[in-house]
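Laboratory data are not the source of any read-out in this text; all were calculated from the coordinates shown. Fair warning: this is a prediction, and the values are worked out from it, not measured in the lab. Methodologically, a virtual Cβ is constructed for each residue, glycine included, from the backbone with ideal geometry; neighbour enumeration extends over all protein chains shown.
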Amino acid sequence: MTPVTSFVARLRTDEPTARKLSTVIEDHFGEDAVVAAFETDGGWAIEAHFGDPPNESGLRDIVRAEAGADAASSLLFEAVEGRDWIAESLAGLTPVKAGRFLVHGAHDRGRVPVNAIGIEVEAALAFGTGHHGTTRGCLLALDALLRRKPPRRVLDVGTGTGVLAIAAALATHRRVHATDIDPVSVSAAAGNARLNRAGALVVARRADAQRVVPWPGRFDLIFANILLGPLTRMAGGLCRRLTPGGTIVLSGLLPSQTNAARSTYAAHGLVLQRRMLIEGWATLVMRRP
């Protein structure tokens, strides 16, 4: 499978400008762009990611109108070559343990202890193998939740390789719903579920801007391992899908972004239960009282 090139526009600026531009660019480009404003060592930055080459002059005009000519001239555009993240992360790595779960490649299939839940991930163009700090944080959160009360209905938003959905399905023996905006990820998640004998339990579908969650009803546990921008945009919709007493696990966050994510979901009535920092990434566990 050939990696796909994407495109990114970057700008370093101050916090008010970054937040304002992220909203304006999202409103203008809609689902054609994924925009994130975040704190850096020297201030703030904004990144807009596109699947196709963006209209550079049009985007500069937007930035010029909102932030001035200097900001427009400082806007940087870059083509990002697609990378086979799973193949790279699995190459030469030993299995990774996260609580009762052990994520591994085919070459380590025989190294799974009898008391562990092994999750095998085959190399494909999708992200989230368990070696990344965000995925490990979510698996550790799941392991802790299972010790208290196994969830009856689970949703995995931004499923990537399907690791989290597979882990929940294997641990609870219940159907798990998984969704992603990337059709390659949806296909990879379904394939990995079949590989791990969870194909009958993991239901993977592509999401779109109109139907972020393409199923009715509420969920006891929601994983959202994506980016701050989409997490913020989807906060209201995801919180409405959470049962009373339900838990949402937020990841894909830099440590500097945790306060913004926490306050956004707290505004919808959720309270922070746990905060984990793993390999430079943050995971938040929040619960509806």
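Under the simplified labelling scheme, the residue 106-residue 10 pair shows an inter-label distance of 3.6 nm, with each label point 7 Å from Cα along Cα→Cβ. Taking every DSSP beta bridge that has both ends in the chain, the antiparallel portion is near 60%. The helix-based estimate of mean residue ellipticity at 222 nm for the chain, built from -39,500 (n - 2.57) per DSSP H run of four or more residues and divided by its residue count, is -10000 deg cm²/dmol to the nearest 500. Note on segment 196-241 and segment 145-189: Cα centroid distance 9 Å, given to the nearest whole angstrom.
Other residues whose C-beta falls under 12 angstrom from the C-beta of residue 288 contribute a net charge of +3, scoring Lys and Arg +1 and Asp and Glu -1.
The angle between the Cα long axis of helix 15-29 and the longest principal axis of the Cα atoms of the chain comes to about 80 degrees, rounded to the nearest 10. Converting phi to 3J(HN,Hα) with the Karplus coefficients 6.51, -1.76 and 1.60 and the offset θ = phi - 60°, segment 175-192 yields 5, 10, 9, 10, 9, 7, 7, 9, x, 5, 5, 4, 5, 5, 4, 5, x, 5 Hz in sequence order, with x at every glycine or proline. Given +1 at the Cβ of Lys and Arg, -1 at the Cβ of Asp and Glu and no other charges, the dipole of segment 85-287 around its Cα centre is 900 debye to the nearest 20.
The string of couplings for segment 97-111 from the Karplus curve (6.51, -1.76, 1.60, θ = phi - 60°) is 9, 9, x, 7, 9, 10, 9, 8, x, 4, 5, 10, 4, x, 9 Hz, one whole number per residue in order, with x for Gly and Pro. Local charge for residue 113 was computed over the other residues whose Cβ lies under 12 Å away, with Lys and Arg +1 and Asp and Glu -1, and equals +2.
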